[in-house]
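One structure is given here, and the rest of the page talks about it.
Every read-out reported here was derived from the displayed coordinates using simple, explicitly stated rules and does not represent laboratory data. Because the structure is a prediction, the values reported are computed rather than measured. A quick note on method: Cβ atoms are made from the backbone with ideal geometry, for glycine too, and the neighbour counts reach across all protein chains shown.
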Amino acid sequence: MKLFLNHLYIVSTPIGNLEDITLRGLEVLKKSDIILCEDTRRSIKLLSHYKIKKKLVSYHKFNEKKKILNIIEYFNEGKILSLISDAGTPLLSDPGKILINYCINNKIKVIPIPGVSAITTALSVSGFKDQFLFYGFLPKTINELEKVLSKLSEIEYSLVFFVPSIKINFYITSFKKFFSDRKILIAREITKIHEAFLRSDINKLKTFRDPVKGELTIVISERTTKEKKFDEKKIVNKIKKYLKNYSLKDTVNIIFETEKINKKKVYDLCLKVKNEKVN
């Protein structure tokens, strides 16, 4: 496999089990001159396991901006660079966007070397809808958290979050408030020795008595939309009221948004009421 100068390779690494790395990923790391990583102490374990000895450069969210000039110099020297995170696919709730955008703007090719991700790994065993939204780490304060969850509760897709295990009970309380009609999968220590999956209806989920250890990926099932019972008399009265001041189209939209019922039924009823008025 040939690697090219003036390219940045984004290499996915294991999320726990060191065997979960692709052959291509290993080949890229072996042929890189410099490997950018979040924590050199964690990355050295993976590289040592595969007997890879390369220069590691610490690159994390606290030094992203400072390191850009050094990285530019490496490119100018004709070095082959790869970027890894502590675990999984880089840039998904991990640093790297500043560097990626620099490369894009300066015509440096960015090459993904795909592999494992806690997001898709947890989702694949959830049994939930495969249309999903990945949010990442949620806010830590209750006010900000409730603002975010209030908006997310309106989304029909499955939802994926990263949650610090030490704060799991804090988030469970809010999940029960905004997602009470959904199911939840709590994936802990995926691919590691103490891997565990807890499945529950959210409204039945209890907070943990004992401290939870390990890294958590949370998957919440898709929203189930139940159509309200169609009370024709009530809707007709509203339509008559709104048609006095609004167009047919606006009346349909107002009724649909406020009553959350089938839009075609609303339209047909509005049309019927309007025609009756004309006749």
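Which one, Q131, C103, I193, projects farthest toward the positive side of the charge dipole computed for the chain from Cβ point charges (K/R +1, D/E -1)? Result: Q131. Bridge orientation summary for the chain: considering DSSP beta bridges with both residues in this region, about 45 percent are antiparallel.
Measure up K183/K234; K31/K109; K66/K97; K30/K66; K79/K107; K241/K264 against 22 Å on the Cα-Cα distance and list the ones that go over. From the list (K183/K234; K31/K109; K66/K97; K30/K66; K79/K107; K241/K264), the Cα-Cα distance tops 22 Å for K183/K234; K30/K66.
By the beta-carbon count within 10 Å of each Cβ, the least crowded to most crowded order of E276, E215, fewest first, is E276, E215. Remark: the chain carries a charge dipole of roughly 780 debye about the Cα centre, counting +1 on each Lys and Arg Cβ and -1 on each Asp and Glu Cβ. The charge dipole of region 73-170, taken about the Cα centre with unit charges on the Cβ atoms of Lys, Arg (+1) and Asp, Glu (-1), comes to about 120 debye, rounded to the nearest 20. A full extension of the chain between N143 and N6 corresponds to an added length of 44.8 nm, given 0.36 nm per residue minus the alpha carbon distance. Once both labels are positioned 7 Å from their Cα atoms along Cα-to-Cβ, the gap between E232 and N106 label points is 7.0 nm. In the chain, helical runs assigned H by DSSP with n ≥ 4 each contribute -39500 (n - 2.57); averaged across all residues and rounded to the nearest 500, the mean residue ellipticity at 222 nm is -12000 deg cm²/dmol.
Distance from the Cα centre of region 28-105 to that of region 207-226, in angstrom? When both Cα centres are located, 32 Å separates them. Note on T173 and K65: the model spin-label points, each 7 Å out from Cα along the C-beta direction, lie 3.5 nm apart.
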